[in-house]
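Some notes on the structure that comes next.
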């Protein structure tokens, strides 16, 4: 099973991959898809936020899409930390880590 540390490492790898991007790279179409890289990462942020809400027994909330895509790595870090803090079942950590890895591969 996936640990909180493994999820954290997956998030760190993705953040290192995209953390230096400027707006044109965020606006580019993601590999093998028809959405922008920013849209793909925002979808990931929302999915991890949903897992965190479920684990904490709270209602799901829409993660705002900020005007500046450069904030997406920080949003991902925050929702991943929220998920870990909610002490989720191992399956939720595994799903989150798989989603992070799949998104990283698609970028």
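Tabulated values for the structure
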| quantity | calculated |
| --- | --- |
| Pick from the range 1-18, criterion loosely packed, with under 14 Cβ neighbours inside 10 Å and modelled with pLDDT under 95, ranking: farthest from the chain's Cα centre (by Cα) | 1 |
| Subset of the range 86-99 (residues that are closer than 26 Å to residue 25 by Cβ and crowded, with 16+ Cβ neighbours inside 10 Å) | 96, 97, 99 |
| First in the range 78-98 and on the phi > 0 side of the Ramachandran plot and touching a residue at least 12 places away in the same chain (Cβ under 8 Å), second anywhere and crowded, with 16+ Cβ neighbours inside 10 Å and in a helix (DSSP H, G or I), Cβ under 8 Å, 6 or more apart | 87/55 |
| Test: residue in the range 78-85 that is under 8 Å from the mean Cα position of the chain (by Cα) and either farther than 15 Å from residue 3 by Cα or surrounded by 13 or more Cβ atoms within 10 Å (Cβ to Cβ) (or both) | yes |
| Options 3, 27: the member that is in contact with a strand residue (DSSP E or B) (Cβ under 6 Å, 6 or more places away or on another chain) and at negative phi | 27 |
| Qualifying residues in the range 22-59 (those that are within 14 Å of residue 70 (Cβ to Cβ) and within 16 Å of the chain's Cα centre (by Cα)) - the one surrounded by the fewest Cβ atoms within 10 Å (Cβ to Cβ) | 36 |
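The values are calculated or read from the model by the stated rules, or taken from the named source; none is laboratory data. On a predicted model such as this, the values are computed, not experimentally measured, just so you know. Heads up, the Cβs are rebuilt from the backbone with ideal geometry, glycines too, and the neighbour counts pull from every protein chain shown.
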